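Colleague: Got a structure here, written out as structure tokens. Questions coming.
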Amino acid sequence: MADIAHTVHVALGDRAYDILIGDSLLDDAGAILAERFPGRRYGIITDDNVARAQLPRLLKSLDAAGLGHTEIVLPAGEATKSWAYLGQAVEGILAARLERGDLVIALGGGVIGDLAGFAAAIARRGMDFVQMPTSLLAQVDSSVGGKTGINSPHGKNLIGAFHQPRLVLADLSTLDTLDARQFASGYAEVVKYGLIDDEDFFFWLEEHQAEIFAGGPARGEAIARCCAHKARVVIEDEKELGVRALLNLGHTFGHALEKDTGYSDRLLHGEGVAIGMVLAHGFSARLGLAPSQDSGRIAQHLKKSGLPTTLADIPGKLGSTETLMAAIAQDKKVSRGALTFILTRGIGQAFIEKNVDGAAVAEFLNEMRALPLSP
Ligand SMILES: NC(=O)c1ccc[n+]([C@@H]2O[C@H](COP(=O)([O-])OP(=O)(O)OC[C@H]3O[C@@H](n4cnc5c(N)ncnc54)[C@H](O)[C@@H]3O)[C@@H](O)[C@H]2O)c1
Ligand SMILES: O=C(O)C(=O)C[C@@H](O)[C@H](O)[C@H](O)COP(=O)(O)O
Ligand SMILES: [Zn+2]
């Protein structure tokens, strides 16, 4: 019997699925899959770090359940979310003669989840896939909700599809092999849920941050609360026609910064989101919408978690404000040429603002560039 600490159901009609969260789900994966999806073969897509740290556990469990499988191992890192590696993943699926009725497994962080999910969406015109998230970020965010895709030189996640997984297996013990910087990066998305519409969760995080980082019971609880939050939003607005855009808090700035730093280790996704959330709160305060002390309080919490909070915290030279604004203009929330931002009236009070004045954003960014490293 699998040891499942939390189950979150994503009620999406014929695309409904469960998120199972527990301590040894990779070891139980074979039995769980055999029961839920009898008679399938599995194409595991992973990266080289996760292949070293976690893949043997999954293979052992699939073998014990007598499930056939093939492995496609890609290089770790954001640069893998590209046409070249998407092609490698799809060709690997075809070369292994996986059929349309077989299953793709995304074993890894958000990079693998996004890429493998997109490969599953297009191989043989659509295969089912299972998310097995192994980073904090993937367990609280990217494995849920069906946004899949890759980056373009024109911008972040500009190529992709909505394709929901059939199951999410989040094994908490996989986080034991994740390095501290990556854990902190995922924590930025945890904080995001509090900032959107749940100030009690943000205050709870301020109290339980040390326990979450140390791996105490608060960690599993935080992950389950994030999944439940995201599931609620996705059920209401699967294709981001409305409220789902709130999950983009901090991302309009963050994605432009990720593009500017070449989708490299200079700035991880969660780090860009951390800086972006502080900027979104600062910009909202500048517009007279939010109390100015909130961005300081948020920055302090993020900083304490090991995250960057100002533009100066990004190593190396940033592009010009014009370059950053050009990246922002490619954001998927742009409509009829006008910018949409997720702004806020304070902690837990984010809202979607259309027709944001680009000149005001550029002026704000110019000022933020002059700020020193976070104290
Ligand atoms: N689809 C969505 O809804 C969504 C949501 C948030 C973020 N994202 C995307 O997710 C990506 C970021 O995901 P991420 O932060 O997981 O990055 P990632 O996938 O690059 O993983 C982080 C690093 O940790 C390593 N790693 C992962 N799990 C490990 C483990 N258990 N042990 C040892 N090493 C491990 C990986 O090899 C990688 O080097 C970005 O591309 C972002 O755009 C997507
Ligand atoms: O699931 C969503 O919706 C999100 O916005 C979650 C984000 O954390 C995530 O980074 C997502 O990939 C961003 O989506 P995008 O549509 O702005 O590319
Ligand atoms: Zn994100």
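The values are calculated or read from the model by the stated rules, or taken from the named source; none is laboratory data. Owing to the predicted nature of the structure, the values given are computational and were not obtained by experimental measurement. Backbone-built Cβ (ideal geometry, glycine too); neighbour counts: all protein chains shown.
Colleague: Would you mind listing the strands (runs of 3 or more DSSP E) fully within the stretch 117-181 where at least 1 residues are more than 16 Å from ligand 3 (Cβ to nearest atom) and among the acidic types (Asp, Glu)?
Modeller: Counting at least 1 such residues, we get 128-133, 167-171.
Colleague: Let me ask another. Between a first residue in the stretch 1-16 that is touching a residue at least 12 places away in the same chain (Cβ under 8 Å) and a second residue that is hydroxyl-bearing (Ser, Thr, Tyr), which pairs have beta carbons less than 9 Å apart while being 6 or more apart in sequence or on different chains?
Modeller: Ala2/Ser24; Asp3/Ser24; His9/Tyr17; Val10/Tyr17
Colleague: Can you name every residue in the stretch 227-256 that is assigned to a loop (DSSP other than H, G, I, E, B) and either within 21 Å of Ile347 (Cβ to Cβ) or within 11 Å of ligand 1 (Cβ to nearest atom) (or both)?
Modeller: Once the filter is applied, which keeps residues that are assigned to a loop (DSSP other than H, G, I, E, B) and either within 21 Å of Ile347 (Cβ to Cβ) or within 11 Å of ligand 1 (Cβ to nearest atom) (or both), the stretch 227-256 yields Glu240, Leu249, Gly250.
Colleague: Now a separate question. Starting from the stretch 328-340, keep only residues that are more than 13 Å from Asn248 (Cβ to Cβ), then list their pairs with residues that are within 16 Å of ligand 3 (Cβ to nearest atom) whose Cβ atoms are within a distance under 7 Å, requiring at least 6 positions of separation or different chains.
Modeller: Gln330/Gly155; Gln330/Leu158
Colleague: Restricting to the stretch 257-269, and then to whatever is more than 9 Å from ligand 1 (Cβ to nearest atom) and within 18 Å of Lys192 (Cα to Cα), can you tell me which residue is farthest from the chain's Cα centre (by Cα)?
Modeller: So, considering only residues that are more than 9 Å from ligand 1 (Cβ to nearest atom) and within 18 Å of Lys192 (Cα to Cα), the one farthest from the chain's Cα centre (by Cα) is Leu257.
Colleague: Have a look at Leu86, Leu58 and point out the one that is farther than 27 Å from Leu158 by Cβ, crowded, with 21+ Cβ neighbours inside 10 Å and either assigned by TED's automatic domain parsing to the domain that holds Leu267 or aliphatic (A, V, I, L, M) (or both).
Modeller: Leu58
Colleague: Which residue, of Leu62, Leu58, is more than 14 Å from Ala106 (Cα to Cα) and either at pLDDT below 95 or more than 16 Å from ligand 2 (Cβ to nearest atom) (or both)?
Modeller: Every option except Leu62 fails the conditions.
Colleague: Can you find a residue that is touching a Phe, Trp or Tyr at 6+ places or on another chain (Cβ under 9 Å) and polar (S, T, N, Q) anywhere in the stretch 302-315?
Modeller: Checked the stretch 302-315: at least one residue is touching a Phe, Trp or Tyr at 6+ places or on another chain (Cβ under 9 Å) and polar (S, T, N, Q).
Colleague: What number of residues within the stretch 234-260 are surrounded by fewer than 21 Cβ atoms within 10 Å (Cβ to Cβ) and either touching a strand residue (DSSP E or B) at 6+ places or on another chain (Cβ under 6 Å) or not small (Gly, Ala, Ser) (or both)?
Modeller: Filtering the stretch 234-260 for residues surrounded by fewer than 21 Cβ atoms within 10 Å (Cβ to Cβ) gives 235-244, 246.
Then drop every residue that is not either touching a strand residue (DSSP E or B) at 6+ places or on another chain (Cβ under 6 Å) or not small (Gly, Ala, Ser) (or both), which leaves 235-241, 243-244, 246.
Total meeting the criteria: 10.
Colleague: Restricted to the stretch 146-170, and to residues that are near ligand 1 (Cβ under 9 Å from one of its atoms) and not β-branched (Val, Ile, Thr), which residue is farthest from Ile314 (Cα to Cα)?
Modeller: Gly146
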